1. ³J(HN,Hα) across the range B:108-113 via Karplus (A = 6.51, B = -1.76, C = 1.60, θ = phi - 60°), whole Hz, x for Gly/Pro?
2. Run through the DSSP bridge list for chain C and note the antiparallel percent, rounded to the nearest 5.
3. For the range B:9-59, run through the trypsin sites (Lys or Arg not before Pro) and keep only the ones in DSSP coil with at most 11 other Cβ atoms within 10 Å of their Cβ.
4. If you average the sequence gap of Cα pairs under 8 Å that are 6 or more apart and divide by the length of the range C:83-201, what percent do you get for the contact order?
5. Along the charge dipole of chain C, pointing to its positive end and built from +1/-1 on Cβ of Lys, Arg, Asp and Glu, which listed residue (C:TYR73, C:LEU156, C:VAL281) has its Cα farthest out?
6. Can you list the distances in nanometres, one decimal and ascending, from the D:ASN161 label point to the identical position in each other copy, with the point 7 Å along Cα to Cβ?
7. Amide H of B:ASP248: which non-local residues (sequence gap of 5 or more, or other chain) have their own amide H closer than 5 Å, using H built in the peptide plane?
8. Over chain D, calculate the relative contact order: mean separation of alpha carbon pairs under 8 Å at least 6 apart, over the residue count, as a percent.
Protein chains: 4
Amino acid sequence: MRTKSFRSVVKNYKAVFFDAFGVLKNHKGLIPDIEKTFEYLERKGIHYYVLTNDSSRSPEELAKWYQTRGIRYITTDKILSSGMLAMEFFKTKVTNGNSVAYLGTSASAHYIESVGLNTIPVADIDLNNLDHIESFAFLDDEGFSWNDDLNKTINLLRKKNMTVVVANTDINYPVSRNDISVAIGGLADMVENIIGKNFIRFGKPDAQMFLLAYERALQDIQVKRNEILMVGDTLFTDIIGGNKFGLDTALVLSGNTLPDMAKIRIGSSGIIPTYICDSAVIE
Amino acid sequence: MRTKSFRSVVKNYKAVFFDAFGVLKNHKGLIPDIEKTFEYLERKGIHYYVLTNDSSRSPEELAKWYQTRGIRYITTDKILSSGMLAMEFFKTKVTNGNSVAYLGTSASAHYIESVGLNTIPVADIDLNNLDHIESFAFLDDEGFSWNDDLNKTINLLRKKNMTVVVANTDINYPVSRNDISVAIGGLADMVENIIGKNFIRFGKPDAQMFLLAYERALQDIQVKRNEILMVGDTLFTDIIGGNKFGLDTALVLSGNTLPDMAKIRIGSSGIIPTYICDSAVIE
Amino acid sequence: MRTKSFRSVVKNYKAVFFDAFGVLKNHKGLIPDIEKTFEYLERKGIHYYVLTNDSSRSPEELAKWYQTRGIRYITTDKILSSGMLAMEFFKTKVTNGNSVAYLGTSASAHYIESVGLNTIPVADIDLNNLDHIESFAFLDDEGFSWNDDLNKTINLLRKKNMTVVVANTDINYPVSRNDISVAIGGLADMVENIIGKNFIRFGKPDAQMFLLAYERALQDIQVKRNEILMVGDTLFTDIIGGNKFGLDTALVLSGNTLPDMAKIRIGSSGIIPTYICDSAVIE
Amino acid sequence: MRTKSFRSVVKNYKAVFFDAFGVLKNHKGLIPDIEKTFEYLERKGIHYYVLTNDSSRSPEELAKWYQTRGIRYITTDKILSSGMLAMEFFKTKVTNGNSVAYLGTSASAHYIESVGLNTIPVADIDLNNLDHIESFAFLDDEGFSWNDDLNKTINLLRKKNMTVVVANTDINYPVSRNDISVAIGGLADMVENIIGKNFIRFGKPDAQMFLLAYERALQDIQVKRNEILMVGDTLFTDIIGGNKFGLDTALVLSGNTLPDMAKIRIGSSGIIPTYICDSAVIE
C-alpha cells in the first residue's frame, strides 16, 4: 500500500485536527521528532488542535503534559477533550446544589467541580439517601475499587433513575508496547448491559467531539469543514468520525493500525481514509 | 404521571425543534388542531423547526405536505432532514463525474441529483463494471425489489470497498394504526451485519442532525442551546439526542410512547425528558 | 501454518461428522475426489454423518443430491439437518389442527407437513383471522416476496404472540465463486431486531445440532464424544460448536476459511481447531 | 393473568427440572414450605433434578446447602450445574500436566482440580512464562481483584491464544431483596468484547445444560422430553431453553419475574411458557 508524506498532505489544509495517542504520543512519551511537525505548521500558518477521548484530566493538565516534554505549541486552548463535553453537559443540566456521582480519580472530578458543580465518588454515597444525587459520570478507570464500586454503581442506578454520562467512549487503552487496560468506556458498557439503560456517551467518533473542535477553530480562523484534515491512528474513531463530519482524513501507521494490517483493516471495515501516511512527523 | 400543558412549557423558549411523526402528524394525516400551535408560536415570536429522519423526499416536498394540508407556516427553510445530511456528505465527498449507487425510489435520488451528482439505482448496476461507482446510499425502503437488490447490494459492497451512507437511522415506521413497515435503516442494519463493514448513519439521535437544525436556527436568531426545546414522541431518538446536545426536551404522548407506558419506559430506559406533555397541541 | 493430511487425522476416530458446504460440496457441485474419502471410511469401518444448517429441503432430498452425483454412501440416515430439529419441535409443540405459518418455499414446508402438521405461507394469511396460527417458522430465503412478506410477518408477530423458530442459523450462503446471498437466518435476525422478541434458533454451533447427530451415531455404534471428529470449514459454527460439545475438530481450507487467512482467523477469533487440513479429500 | 396451581401442573409429568434461584431459594434462604413440594414428588414417584448456572461450588457443596436447611431430598446426584459442564470440558480437552488459568475463588477451582487437573489463579500467573497454561475459565465473580486481574486476564489472552470457558452464563445475581451483583458471566462479556475473541459458554438457556440433566434422568427412569417439566423464574434462561429442548415449561412468579410484569414480559419477549404458577410450592 502506498503512503504519502504527511508534509505533502497537510500543506493543502487550513487547519489540522490531531488525535493524541498513536499520533502525537505513545506509551513511551512523545512520538520522536513530532515537534518538527508543529514547527512546520506554525511556519505555514496552518492551525492545529488536539482531539482526545480523555476525561481523566482537565485540558490544562493535558496541555501541560506536552509542554513539559518540550512542545510549547500545544497550549490549553488547542486541547478538545471528551471530558469538556461531559463538563459542559453537567453545567447545563444539573440543578444548582445537587451532585454528580462519579467513578474515577478525584483529579477527574476536580475538573467538573471547577465550574461550580458538586461531585461525589461512588464509594462515599449512602444508598439510603440519594436525594441530592442528580446525575452520574463515568470519568476514569482508576481511583476506585472495581469489585465494590461497580456493584454499588449498578444498585445506585437501579434505585434512582438519573442521566448517566460516559465521558470517554474508548473501551481500552495501551499501557505498554504490548499491554492494554480496560478503559472507563469498557466498564460503562458492562454496567449499561447489566442494568439495561441507555447512557449518553461523549467522544470520537461522535459528531459532538468534532463540533467542539470545529467551533474552537472558527474562533481562530474562517474555515470550511473540507479545509480541515483529521489525523488519527484508529479507523473506528478518528477516521469514520472525521469522514462523517465532512473532514478529509489521514490515517497514520504509528499507533493502533499497524502498517501490515492497514490495507486489510480498511477493506474489512469499509472505513476509507482520504490519505494514509506513515506518521504525522514532518522531517 | 403528571403531564404539563405544552403551552406552559414552550413559552419559556426562544426556539422549538419538532419531531414530525407522532408529534405533528400520524398515519392519518396532521394531528388535529396542531396548526393552533404554530399560530401561537408565531404570535409569541418563538422560532420553530422540524427535524425528521426522512431521506425519501427533498425538504421542498416534505414542506409541501404540510402546506397542502393547511399549515402554511412549515416552509422549506423550516425542515431539517437526515436526507439533507446525506446529500451534503456526497456533495463534499464524491468526485466529479462519479456516481452514488442507491437503494430507494427515484424520487429519493432526485434530491441528491439536484446538487449535480450522478446516481444509479442498484438494479441498473453492472457488477462487472464498477469503475464510476464511488459511494453508496440507503435512501428509502420502497422503489426496489428487496429479494434481488439487497443481495445485489451485498455483492456490490463485497466487490468494491466504498463509503456507505444510511440516510435514515430509523429501523421501522408506522403505516397504519397498528401496522409498521421495515424502514431503510432496518434493511441497512441487516446488510451491514452480513458484510461486516461500518456504515455512516445520519439522523436523530446523532448530534449531527441537531447541529444542522441549530445552525439553521442561528441564521434566524441568537439563541443558546438551552434556550431551545426539542419536542418528540420517541425516547431513543428525539429525547436522548436532544438531552445530549444540551437542549431541554419534552416527550409528547401522541405517538410512539403511549400514556400508560411512559413512566415504565422512562424508568427502564434511563432516558429522562425535561417535561412530559400529552401532545404538542396548544388549544 | 502446517496442515495435516486428512487421512492421518481421521484414521484415529470411530466416527466423523462432516459439514456439507465447503467440505463435501461447493457452488460448482461436489468437491472433486471427495467420494474417495467415503470409500476410505467404508473400508476402515469409520462411521460418518453430515450435519447441515439447511431447512430448505428434507433429509431425503438432501441425500438425493449426493446420490445423483455419484456418492451413494450418503443416504438419508446419514443426514442431520437443522430443519429436522425444527420439524421435531413443531411436532411436539403445535396443537393438533393448528397451523405453522412460514416463510420459505412450499418444498421447505412439505417436510414439516410430512409429520401431519398444517402449514400456511405468510402470503396466504388473513391478518384478521389468526385463530389457528400457533407458531412461526423461518425456513428458506426463497419462495416469497421479501418486500411484502417480511413486513407482513412483522405485523403478524406483533398482532399475535407465538413461538418463532429459525430453522437455519446461517446469515448468508455462497451462490457462486464470489457471490453470496442473504440466508433465512439473516432475514430472521432483522425481523427479531425490529420486533424485539426472542426467536428459537436451530443449527450449528448450537449443541442441539450436535446432540441430534450424536444420538444418531449411538444407534449405529458405541462411541464417546472424544472419539468423534467434527470436520468443517467455518470456525464460528463447525469448530466452536464441535469443541464445545466435546468433539475433536478439523478445520478444512476448502471453503469459507482460505489458507492464507486461517492463522489470522484462529488467532483473532480464539477458536482453535484440534487439526487443520487442506481438505477432507483422501487421495 | 390466570395462574395454575403447581400441583395440578406437575402431577402430569414423569420428571421435573427445577431452576434453583427464585424457585427453590432466594436471598433469604429456602422458599418457605418448598420442602412440601419434594415430599409430594416423592410420594407420587415423580423424579426431580436441579439445574443451576453455578460454577462457584461443586455439586456436593450445592447439595449440602439444601440438606443443612432440611431438604434431605436434594442430594448430589440431583444437582446439575454449569460448572459440571466446564469441568467435563477441561477433563477432555486439557493435556495432562498443563494448567487451566482461572478467575474465581479457590473453592471454585477445587472442583476442577478434583478430576486431576492443574489450575492457577490469574493473580499467580507469570505473563512471561505461559508454557503450561492451556485453557482459561471464568468461574466466580469473587476471590480476585477486579482492577488487577481483569486487566491481567485481557493481556494473558492477547499474549497466548487459548480456549476460554465461561462456566456461568448469568450476567448478574441477586444479593438482597433489592440489590444485585455482577456475575462472572457479566465480567466475561466485558473481557470478550474488549479482546474480540469468542468464548465458550455453559449454562441455561444453552441446550447442553438440559442435555446434562436429561442424560442424568435417563439413568433413573425411561422418559421422553415432553414428559419432563422445566420450572423456572426467568423467561430468558429457564423457559426459552426448556421450550427449545422440547420440554414443557412452567414459569413461577416467586423470583425474577414479578406477578404484575409477567404478562407484559411474555408479550414483549415472545417467550411463552406452557404454564404460569404462583410458585413451585405445593401446600
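Derivation of every value follows stated rules applied to the coordinates shown; laboratory data play no part. Remember, predicted model here, so these are calculated numbers, not experimental data. We place every Cβ from the backbone using ideal geometry, glycine too, and count neighbours over all the protein chains shown.
1. 5, 7, 3, 4, 5, 5
2. That works out to approximately 10 percent antiparallel.
3. B:LYS28
4. Answer for the range C:83-201 is 24 percent.
5. Among C:TYR73, C:LEU156, C:VAL281, the one farthest towards the positive end of the dipole of chain C is C:VAL281.
6. Counterpart label points of D:ASN161 in the remaining copies fall at 2.2, 4.5, 4.7 nm.
7. HN-HN under 5 Å from B:ASP248: B:ILE228, B:MET230.
8. Reported relative contact order: 24 percent.
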